[in-house]
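Below is one structure, written out as structure tokens, with a few remarks after it.
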Protein chains: 2
Amino acid sequence: MATAHAASWAASLTMSQLPPAVVRAAMESLYNYIGCAIGGASHPTTAAARSALAPLFGASTSTLLGQDAKADAAHAALLNGIAAHVHDYDDTHLATIVHPTAPVASALLAQAEALGPGISGERLLVALVAGIEVECKLALGVWPAHYDVGWHITGTVGAIGAAAAVGRLLDLSPVQMEHALGIAASQVTGLRVMFGSDTKAFHVGRAAQNGLLAALLAQKGFTAAPGALEASRGWAAVVDAITPAAPQNIAAQIHTLGHTWEITANAFKPFPCGIVVHPTLDACLRLHDSAAAITAVHVRVHPLVLELTGKTAPADGLQAKFSVFHAAAAALRSGAAGPAQFADAFVVRPDVVALRGKVTATADAGLAADAAEVVLTLADGAERRVFVEHAIGSTAVPMDAAALEAKFLGQVTPVLGAAAAARASAMAWGALESTDVAQWAAGLSE
Amino acid sequence: MATAHAASWAASLTMSQLPPAVVRAAMESLYNYIGCAIGGASHPTTAAARSALAPLFGASTSTLLGQDAKADAAHAALLNGIAAHVHDYDDTHLATIVHPTAPVASALLAQAEALGPGISGERLLVALVAGIEVECKLALGVWPAHYDVGWHITGTVGAIGAAAAVGRLLDLSPVQMEHALGIAASQVTGLRVMFGSDTKAFHVGRAAQNGLLAALLAQKGFTAAPGALEASRGWAAVVDAITPAAPQNIAAQIHTLGHTWEITANAFKPFPCGIVVHPTLDACLRLHDSAAAITAVHVRVHPLVLELTGKTAPADGLQAKFSVFHAAAAALRSGAAGPAQFADAFVVRPDVVALRGKVTATADAGLAADAAEVVLTLADGAERRVFVEHAIGSTAVPMDAAALEAKFLGQVTPVLGAAAAARASAMAWGALESTDVAQWAAGLSE
């Protein structure tokens, strides 16, 4: 009954059911997403995908954010999803390391534009919440074994969330919605082995497409198996094969839909790299003034940090996002940890490489995931030590609206210029007031 | 090194390396595929998908077989893949129950047409063999645990085979080909729980799209992780999580590429339903003349038959393909087991339902998968018993060219008419002589 319950919940969600904190979290999530998608528009990964797929584009219904171009809804979903994730700068549901908004919003915005005039911002927001809630509940149900075995969880649950969101937008019936969730569930995209390659961001865009496709098929009567998520040999049993209780686990999570809201636990990244590195960055930024005199750097971190970001000699910006060693050196050297510190050229700069060579790391299972300790040894033998209990951007120390806006402008200004970035920021905050999402979405990149 | 070896092998395969038996098997596989794809063109599943996705179609470069229409290459790959599999009438690599040709050929034909004039039939055939060999070797590497846990193996390995085939067609370098295989591997589509719903055939079409997309992206420099198939937490480790040796298993299979040819073990189905039911159908067809006097039917079958086709009360044609009970009753009642016996109306016919109610089944692990025993009890108390050691269509008793042609015409005539079907059959046999695949493919449905 879990799939049916999720379908029925998502298909009937309305604005009046959303607590104010949920509405605020959804607006912040959408705002942060738009900044990330525009910020990633000119990334080489996005550009390569666009160049490969442009010959397949259909009617230009849907905006490629930040690209002064449109595509059919499915390709817009893919390319906006890639762009929104490619800097590893999008949001994080910390309990599962899902990046919830990019797959859901990419599908949703693209299809909302394809539907044409008259879709309200409220309708968009309700669908976004439906998608993100379904997505994160499923992630909680299969976490951590599903991730541990090697699935890129944002891709796998993202498709199902995207289906729920587009399904809500299309006003699918509960029965159609159950089929949509099933069709999406059968497309399990994303392997962690791809981290550090173009394919990591592709997973997110493909998840958006997978979900969009599922909702469009279900709308025309296409069927999936009943109970696809929890059935014997259904989604949970297959994608979390080493956990016998996986179907019950997802069912338990699904039955909390509407009672606890995952979107209120969504966190925004102050730094464009894997969130597990953020406590180390936070500590190193506080130690920046000692950079010149460093002879050794030692970081003590949660074990996942070395598992995910243990690359000692990253060759380019994408790989550097998975190197706590680069992150520490970059933050210590430049006192910043923005897109510039993860650009290809910065990663191979001799002074950065030299400082990176002085960084060592210890995994400490006693540390929380949002904590880290950094100890510098200086030329005169002195030590400086900083312990970060909760990194900036964690749920304990969230980014406020001003910080989100600074992040947005930092991403969007290089793509659109300062004046257009400020306009886009104001428009992005105003999503909920829009009476025509198609016009609103097209205006974001102008 | 397994991914690199597969990539290098597929990227450099040439016609001169193909033994005559491989060429013949490839031609039969392509011929059988074309009949299936045209035969499934007007199926409601194909029609629903086309109706849902037509608004997304790009430039009309690629034929929708049997549909008198074209679409962009990605949508043609999807819809031809769905059509070719929707009757469960396509081919089977018996050692893995992979249906090898539909995902590979659907991507390949669609992209060959998109490339425009001048692609030869030889080039198409070499690419087809490259794709099917990579696909089936991977399947052997993860068989049977991957299938047992619930993956629809045709979807999961089909994408990687399609990427190899399209990659060969596009003349990708070995390095690009390795990326293509990786991008395809990250899209793991197909859950067995979907058997009996529209989504089963969708898996096959989506696999074709997944592989096509992977090859197109890799051509433009898009990267995947090195060694994506065999790496720690790579494809094999993730999709066959319960087998610690999975990476070594696929590596061992990949290193037989070009030494043993899987396509020569490809089998063609005489009946449009799950191949595990075929021995039972074969036996029941031989017993047809007793149908009127039956009081009980008992079938003794390989255990997989009941696991896969244990539906006792199928409600429609799609479900009936997964009911050994329906299959036995249908073959006994009508003395045939073609598309008509799996049509919705036939499945609910009172006399068929009544006979179905008299069928019981026993799983016998001592039986081979292509064997079955059927025992009829007649009204006068007499018993009739048939034991089939190797079902028609198995590798021991393959369909010959005449049988394949009868099957082709049986599928294509209802869609195109008798004259066009005969023309299509002659053209389909002539693929290898074509100097322009685009023209050839477009001509198949005329």
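A single member of A:Val157, A:Val126 is more than 30 Å from B:Ala237 (Cα to Cα) and β-branched (Val, Ile, Thr), and it is A:Val126.
Mind listing whichever residues of the range A:396-436 are under 21 Å from A:Glu122 (Cβ atoms) and of a type in the set (Gly, Ala, Ser)? Correct list: A:Ala401, A:Ala424, A:Ser425, A:Ala426, A:Ala428, A:Gly430, A:Ala431, A:Ser434. For the range B:276-308, a tally of residues being part of a helix (DSSP H, G or I) and surrounded by fewer than 24 Cβ atoms within 10 Å (Cβ to Cβ) returns 13.
So is A:Thr312 farther than 20 Å from A:Val98 by Cα and either in a strand (DSSP E or B) or hydroxyl-bearing (Ser, Thr, Tyr) (or both) or not? Here the answer is yes, as A:Thr312 does meet what is asked.
Residues in the range B:192-202 that are facing another protein chain (nearest Cβ under 8 Å), under 14 Å from the mean Cα position of the chain (by Cα) and under 15 Å from B:Pro272 (Cα atoms): B:Phe195 alone. Restricting attention to the range B:119-138, does a residue exist that is part of a loop (DSSP other than H, G, I, E, B) and either touching a residue at least 40 places away in the same chain (Cβ under 8 Å) or not assigned by TED's automatic domain parsing to the domain that holds B:Met15 (or both)? Yes; the residues of the range B:119-138 include at least one that is part of a loop (DSSP other than H, G, I, E, B) and either touching a residue at least 40 places away in the same chain (Cβ under 8 Å) or not assigned by TED's automatic domain parsing to the domain that holds B:Met15 (or both). Test B:Ala102 against the stated conditions and say whether it is aliphatic (A, V, I, L, M), within 14 Å of another protein chain (Cβ to nearest Cβ) and crowded, with 24+ Cβ neighbours inside 10 Å. Here the answer is no, as B:Ala102 does not meet what is asked. Inside the range A:161-184, residues that are touching a residue at least 60 places away in the same chain (Cβ under 8 Å), over 25 Å from A:Ser120 (Cβ atoms) and in contact with a Gly (Cβ under 9 Å, 6 or more places away or on another chain) make up a count of 2.
Among the residues making up the range B:203-226, those that are assigned to a helix (DSSP H, G or I), within 7 Å of chain A (Cβ to nearest Cβ) and within 25 Å of B:Ala145 (Cβ to Cβ) are B:His203, B:Arg206. Any residue in the range B:70-82 that is surrounded by fewer than 23 Cβ atoms within 10 Å (Cβ to Cβ), at pLDDT 95 or above and more than 9 Å from every other protein chain (Cβ to nearest Cβ)? So far as the range B:70-82 goes, yes, one or more of its residues are surrounded by fewer than 23 Cβ atoms within 10 Å (Cβ to Cβ), at pLDDT 95 or above and more than 9 Å from every other protein chain (Cβ to nearest Cβ).
Only one of the numbered conditions (1) among the aliphatic types (A, V, I, L, M); (2) within 18 Å of A:Ile254 (Cβ to Cβ); (3) over 15 Å from the mean Cα position of the chain (by Cα); (4) within 14 Å of chain B (Cβ to nearest Cβ) is violated by A:Ile153, and that is (3).
Residues are listed down the side, and each one gets a yes or a no for (1) closer than 27 Å to B:Lys137 by Cα; (2) in contact (Cβ under 8 Å) with a residue 40 or more places away in the chain; (3) in contact with a Leu (Cβ under 9 Å, 6 or more places away or on another chain); (4) within 11 Å of chain A (Cβ to nearest Cβ):
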| position | (1), (2), (3), (4) |
| --- | --- |
| B:Ile242 | yes, yes, no, yes |
| B:Ile250 | yes, yes, yes, no |
| B:His255 | yes, yes, no, no |
| B:Ile275 | yes, yes, yes, no |
| B:Ala291 | no, yes, yes, no |
| B:Leu304 | yes, yes, no, no |
| B:Lys311 | no, yes, no, no |
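Checked against (1) in contact with a His (Cβ under 8 Å, 6 or more places away or on another chain); (2) within 30 Å of B:Ser323 (Cα to Cα), B:Ala208 passes all but a single condition, namely (1).
Within the range B:44-61, residues that are more than 7 Å from chain A (Cβ to nearest Cβ) reach partners that are in a helix (DSSP H, G or I) and of a type in the set (Asp, Glu) with beta carbons closer than 8 Å, at six or more positions or on different chains, in the pairs B:Thr45/B:Asp198; B:Thr61/B:Glu113.
The values are calculated or read from the model by the stated rules, or taken from the named source; none is laboratory data. In this text, all values refer to a predicted model and were calculated from it rather than measured experimentally. Note that each Cβ is placed from the backbone with ideal geometry, even for glycine, and that neighbours are counted across all protein chains shown.
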